[in-house]
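The values are calculated or read from the model by the stated rules, or taken from the named source; none is laboratory data. Computed from a predicted structure; not experimentally measured. Note that each Cβ is placed from the backbone with ideal geometry, even for glycine, and that neighbours are counted across all protein chains shown.
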Amino acid sequence: MPVVTLYWDELERMVGESRERILEKLPMLGCDIERVEDDHVDVEFFPNRPDLYSVEGVARALKGFMDIEFGYIDYKVKEGNWKIYVEKAVLDVRPRIVGCVVRNINVDEELLRSIIQIQEDLHWTIGRNRRKMAIGIHDLEKVNFPLRYTAVDSSFSFVPLDFKEEMSVAEILEKHPKGVEYAHILEGKDSYPMIIDARDEVISFPPIINAEKTRVKEGTSSLFIDVTGFDENVDKALKILAAMFADRGGVVEGVEVIYPDRTEITPDMSPERMVVKKKEIFSLLGFRLSDEEIKLALGRMRYGFEIGQDEVEVLVPPYRADIMHPWDVIEDIAIGYGYERIPVNYPSTPGIGREHEWNYLRDVVKEIMIGLGFTEVITFTLTNERVMYEYMNRKAEEWKDYVPVMHPLTEEHTILRTHIMPKLVELLKYNRHEAMPQRIFEVGDVVVGMKNRLKLAACITHSRANFAEIRSVVQAVMRELDLKWEVKESDDGAFVKGRRADIVVNGKRVGVFGELHPEVLERFEITMPVVGFELDLSELFDTGLVI
């Protein structure tokens, strides 16, 4: 999740409150305060609130939440004579582009820092690391309209950002740091998207790099923003940026985007209208609110509203990319009302609590692994098919065996994990420069066939890690769990043939161990040998399986 650095001098000035009051209210917006320093605070926001990835967005939300400002902000977009012509050649490569112009803005060190931060965070979250959406921000004085959004071949050249000499598209993808980092997005393409101005000069090669000539510097007073990609996330990003610059005092002007078959004016900062039924509010929250309490809660969360007898019509701010259902509005009503004010009620059904078998077994296994010299780690349950299967030389099971996320916020989190070991190997990748040996384990949930299961996995890495070492660990674990077991030849592609074995109990395969295959290590960029095992505890014990 994005960690946003907020500097006290600008945050206190924009909000109009002391840091003590801000620190008191920030967590109630739905975030975690990572660290507090003398000059700044680092705050982790959930990916569903990309409008809070800048100091401007946080100040806007806090002013409403702290009753400094109230209600909906009507962002105006002035008519401008700015045109982008979209050529047919680019529609098969990266088909959507939107843009806006911002005038009367003073880009100082503070704003430049904010621009860089929100651009990076939007790229990573709703942009899916630039694959779905990429942003270009330019000095308007260096851009000559009208623009052409077109496609070129790999020999086309221009001067990219941070360079002084022309480079061809092929050279940028091979040699420029951003080209190397994001070349995979355009892999397999015969042509490449390019934004070219009226003087036939490049201003941007999305989603890779801008041109040096339109670099934004301190002292820049007007901006042109382009956002390219494939879906509605392009429009969401532009609306967030337009609101951010408007909050800084900038004047937003629309851009006419002329496609072969239609014309659009962007950004569209008009609110979405949504109807929420009162009975649904009361049902979901578990208590009734008066009309005045609903008004106050919605106004604090910067909605427009009209209260009827049985329902509430709300105006959703254009920068709120996360509002997709009336329940999202109801959640905001709860936040605006104040979680700390929600009455606490004891359950009406009495009962005596006891430790769940799942947790008991988890604690026993942890004690065993720590006693064997392993360090416990906790990794995300959310992952993706690439890490879980492709990198591990495994084929994804049929759809019924793994659970996809319906609306993933990033490409890194598209499914629920079915194994723990891939996540451990991924962790070793990030720790590959730390001291050796490394001995890590995790006991936790996986989801297979829509059912939770409890698994144990462990990995060892150092220069002499081998099959015999991990077999001795498995033997010790099975002995401590008082299980009789045997081994059979395994065909698991994650491990080296001849140095892998299935763990079998009562004729049933319950796990696997061995030396990880060199191809697996190469994909995870690991240079040391790695051995590991994974054990399905739900196959061995009654864990009160959660469905």
Given (1) touching a Phe, Trp or Tyr at 6+ places or on another chain (Cβ under 8 Å); (2) in a strand (DSSP E or B); (3) small (Gly, Ala, Ser), number of the condition residue 134 does not satisfy:
(1)
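I'd like the full set of residues that are among the β-branched types (Val, Ile, Thr) and touching a residue at least 40 places away in the same chain (Cβ under 8 Å), limited to the range 455-508. Even if it seems obvious, please write down each step before you answer.
Taking the range 455-508 as the starting set, the residues that turn out to be among the β-branched types (Val, Ile, Thr) are 460-461, 470, 473-474, 477, 487, 496, 503-505.
Of everything in the range 455-508, those that are among the β-branched types (Val, Ile, Thr) and touching a residue at least 40 places away in the same chain (Cβ under 8 Å) turn out to be 460, 461, 470, 473, 474, 477.
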Cβ-Cβ distance below 7 Å, separation of 6 or more or different chains: which pairs start in the range 282-301 with a residue that is small (Gly, Ala, Ser) and end on one that is at pLDDT below 95 and part of a loop (DSSP other than H, G, I, E, B)?
299/70; 299/71
Restricting to the range 160-172, count the residues that are within 21 Å of residue 214 (Cα to Cα) and either outside any loop (DSSP other than H, G, I, E, B) or outside the structural domain of residue 209 (by TED's automatic domain parsing) (or both).
6
Scan the range 468-491 and tell me whether some residue there is closer than 30 Å to residue 405 by Cα, of a type in the set (D, E, K, R), surrounded by fewer than 18 Cβ atoms within 10 Å (Cβ to Cβ) and in contact with an Asp or Glu (Cβ under 9 Å, 6 or more places away or on another chain).
yes
Look through the range 1-37, keep the residues that are out of contact with any Phe, Trp or Tyr (no Cβ under 6 Å at 6 or more places or on another chain) and of a type in the set (Val, Ile, Thr), and return whichever of them is nearest to residue 60 (Cα to Cα).
15
What is the residue count in the range 435-478 for residues that are basic (Lys, Arg) and either touching a strand residue (DSSP E or B) at 6+ places or on another chain (Cβ under 8 Å) or under 13 Å from residue 503 (Cβ atoms) (or both)?
4
Sort out which residues of the range 503-532 are more than 19 Å from residue 463 (Cα to Cα) and surrounded by fewer than 18 Cβ atoms within 10 Å (Cβ to Cβ), and write them in order of number.
504, 506, 507, 508, 509
Residue list for the range 390-440, filter: out of contact with any helix residue (DSSP H, G or I) (no Cβ under 8 Å at 6 or more places or on another chain), under 27 Å from residue 122 (Cβ atoms) and among the β-branched types (Val, Ile, Thr)
405
Anything in the range 494-516 that is farther than 17 Å from residue 419 by Cα and not in a strand (DSSP E or B)? List them, or say none.
506, 507
